[in-house]
């Protein structure tokens with residue numbers, strides 16, 4: 001693998017978001033096949049610097065070359081049902097294969113701007129959700145793509161009749177019929193949803 005310096009002087013971004021993983025090598029010239037986590041992978045296309053971490057819960061083999069801290073993207077394009085990319089740090093297939101499974105992060109600041117009423121899921125995770133009466137419904141723990149629309153999975157700390165701590169889970173479709181507003185600066189979503197739904 002033709003590896004450049006690890007750019008240790010470049011700090012890991014505080015707003016790093018995991019957007020994809022290296023699926024495999026592509027071709028013989030060091031290209032990477034990348035599997036994006038989102039249906040619309042614009043964050044991969046808009047950033048020319050990808051930060052890497054090893055696969056979660058899977059240590060790298062002891063004889064594997066060290067994982068570069070970041071990759072400088074020279075070309076990225078859609079190919080079939082995935083994405084392929086050329087990076088400065090990798091010159092051949094062996095080098096690309098050594099990155100298999102690596103998680104790719106980009107700075108949130110490099111994401112393209114959204115239109116009014118459009119949101120990145122990463123910006124919704126952690127927001128408090130209240131109903132029209134101001135009653136707390138929970139915090140967005142996950143966004144789920146069901147095909148026709150997205151669903152927010154909320155978690156809320158509670159206690160049962162015996163006073164034992166438990167977590168209440170709610171699922172609310174993220175559609176205009178139920179979502180009155182999203183206040184990103186205020187970190188709050190208002191929904192037309194009852195506590196007993």
Based on DSSP H runs of at least 4 residues, each adding -39500 (n - 2.57), what is the mean residue ellipticity at 222 nm of the chain after dividing by all its residues, to the nearest 500 deg cm²/dmol? -1500 deg cm²/dmol
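To check you understand DSSP bridge types, tell me what percent of the beta bridges within the chain (both residues inside) are antiparallel, rounded to 5. If you can, show how the numbers build up before the last one.
On the way: 48 of 52 bridges.
Looking only at bridges with both residues in the chain, the antiparallel portion is about 90 percent.
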Within the range 15-39: backbone nitrogen closer than 14 Å to the residue 64 label point (7 Å, Cα to C-beta): 21-25
Would you mind ranking 127, 184, 32, 154 so that the residue whose beta carbon has the fewest other beta carbons within 10 Å leads the list? 184, 127, 154, 32
Fewest-first sequence of 152, 143 by Cβ atoms within 10 Å of each Cβ: 143, 152
Gyration tensor on Cα atoms of the range 7-50, a ≥ b ≥ c root eigenvalues, a/c under 1.5 rounded, else prolate if a/b beats b/c, else oblate, says oblate
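Take the alpha carbon gyration tensor of the chain, find the square roots of its eigenvalues, order them as a ≥ b ≥ c, and report rounded if a/c is under 1.5; if not, report prolate when a/b exceeds b/c, else oblate. Show your work: numbers first, answer last.
Values: a/c = 2.63, a/b = 2.09, b/c = 1.26.
Verdict is prolate for the chain.
What's the exposure ranking of 45, 51, going from fewest to most Cβ atoms within 10 Å? Could the numbers behind the result be given before it?
On the way: 45 17, 51 23.
In increasing order of surrounding Cβ atoms, one gets 45, 51.
Each value in this text was obtained by applying a stated rule to the coordinates, not by laboratory testing. Fair warning: this is a prediction, and the values are worked out from it, not measured in the lab. Cβ sites come from the backbone with ideal geometry, for glycine too, and all protein chains shown count toward neighbours.
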